[in-house]
Amino acid sequence: MKMKRWIATGLVALVAAFGVGCGKKDESAVLTVGASPIPHEEILKFVQPELEKQGVELKIQAFQDYVLPNKSVEEGQIDANFFQHIPWMEATNKEKGYHLVKVAGVHIEPMGAYSNKIKNISELKNGATVALPNATSEITRVLLLLDQNNLIKLDNREGDKTLKNIKENPKNLQFKLLEAATLPRMLDQVDFAVINTNYALQAKLNPLKDALFIEGKDSPYVNVLAVKKGNENDPRVQKLVKVLTSQKVKDFILKKYNGSVVPAF
């Protein structure tokens, strides 16, 4: 009886070993990352084959908004996300009580102003309507950009800003605060809109050719790979970090986006 039990145990072990040896997927080696479709998902798809070689199956979940990706990481539905800059992440943590942290800065998407009605900002008429993203963490960024391009003057350039911080508005611009994802669809209804580059790219707008003006390459709004605090050293995440910040990815970003997306490593 003992001999039969020993043989049975051995067979179970042999089958398990054989299954692993034949390429059976280890669930612990699957890494699920939420991302905006462009450019984040595209960059992640580029690194999938390299991660596969390193034993990590990268699953990408595309999101069209800026809310659910953080909620999904916080609640453990996905392992990480790649869509946001640090001010957005910090504002979300504060507002929602989340515990998200940066594990790597990957690229910068310069925010720009776009219009279907004018070709140059000098054509802007008095009382023109301007659409801006309504997210609290984006308002400061947008207002600093408008101030830099002499369309408004802020009381100062330090700290967080709202429309109340506009000290001078020489063209009497009328501001509409809207969901960021809807801004490209508003271009026929406003004089210009300030749009995040990922949404501009999805709308087939070329930031370098189509923008009336755009942030410089020294923008502090670096897009990051983020996880819930405590998961920073997960081996799967660290493998993704290494691949995402490689020379191959830098070359891919520079070639594919031609300066509209800028590596930050």
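Listed here are the strands (runs of 3 or more DSSP E) enclosed by region 101-177 that have at least 3 residues being touching a residue at least 40 places away in the same chain (Cβ under 8 Å): 112-114, 129-133. The single condition from (1) open to solvent by 90 Å² or more (accessible area, probe 1.4 Å); (2) within 22 Å of the chain's Cα centre (by Cα) that residue 177 fails is (1). Only one of the numbered conditions (1) part of a helix (DSSP H, G or I); (2) at pLDDT 95 or above; (3) surrounded by fewer than 18 Cβ atoms within 10 Å (Cβ to Cβ); (4) not charged (D, E, K, R) is violated by residue 208, and that is (2). Within region 128-156, can you find the residues that are within 18 Å of the chain's Cα centre (by Cα), of a type in the set (Gly, Ala, Ser) and crowded, with 21+ Cβ neighbours inside 10 Å? Result: 137, single match.
All conditions in (1) at positive phi; (2) surrounded by 13 or more Cβ atoms within 10 Å (Cβ to Cβ) hold for residue 194, with the sole exception of (1).
In the set (1) open to solvent by less than 40 Å² (accessible area, probe 1.4 Å); (2) under 18 Å from residue 215 (Cα atoms); (3) touching a helix residue (DSSP H, G or I) at 6+ places or on another chain (Cβ under 9 Å), residue 165 fails one condition alone, (2).
This table checks each residue for (1) modelled with pLDDT under 95; (2) of a type in the set (A, V, I, L, M, F, W, C); (3) open to solvent by less than 40 Å² (accessible area, probe 1.4 Å).
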| residue | (1), (2), (3) |
| --- | --- |
| 53 | no, no, no |
| 57 | no, no, no |
| 61 | no, no, no |
| 68 | no, yes, no |
| 74 | no, no, yes |
| 78 | no, yes, yes |
| 82 | no, yes, yes |
| 85 | yes, no, yes |
| 101 | no, yes, yes |
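Against the numbered list (1) at pLDDT 95 or above; (2) surrounded by 20 or more Cβ atoms within 10 Å (Cβ to Cβ); (3) part of a loop (DSSP other than H, G, I, E, B), residue 227 comes up short only at (3).
If the condition is being outside any helix (DSSP H, G or I), surrounded by fewer than 18 Cβ atoms within 10 Å (Cβ to Cβ), modelled with pLDDT of 95 or more and among the hydrophobic types (A, V, I, L, M, F, W, C), then region 13-51 contributes only 30.
Scan 137, 115 and give me the residue that is of a type in the set (Gly, Ala, Ser) and either touching a His at 6+ places or on another chain (Cβ under 8 Å) or modelled with pLDDT under 95 (or both). Lay out the reasoning, then the answer.
Working: 115 fails: either touching a His at 6+ places or on another chain (Cβ under 8 Å) or modelled with pLDDT under 95 (or both).
After ruling out the rest, the residue left standing is 137.
On the basis of being small (Gly, Ala, Ser) and under 21 Å from residue 211 (Cβ atoms), does residue 113 make the cut? For residue 113, the condition - small (Gly, Ala, Ser) and under 21 Å from residue 211 (Cβ atoms) - is met. Here residue 88 fulfils each of the conditions (1) aromatic (Phe, Trp, Tyr); (2) closer than 21 Å to residue 184 by Cβ; (3) in a strand (DSSP E or B) apart from (3).
Within region 27-84, restricting attention to residues that are more than 18 Å from residue 234 (Cβ to Cβ) and among the hydroxyl-bearing types (Ser, Thr, Tyr), the residue that is farthest from the chain's Cα centre (by Cα) is 66.
The values are calculated or read from the model by the stated rules, or taken from the named source; none is laboratory data. Keep in mind the model is a prediction, meaning the values are calculated, not measured. Virtual Cβ from ideal backbone geometry, glycine too; neighbours counted across all protein chains shown. With ligands, DNA and RNA removed, areas are computed over all heavy atoms of the protein, side chains included. Shrake-Rupley method; radii C 1.70, N 1.55, O 1.52, S 1.80 Å.
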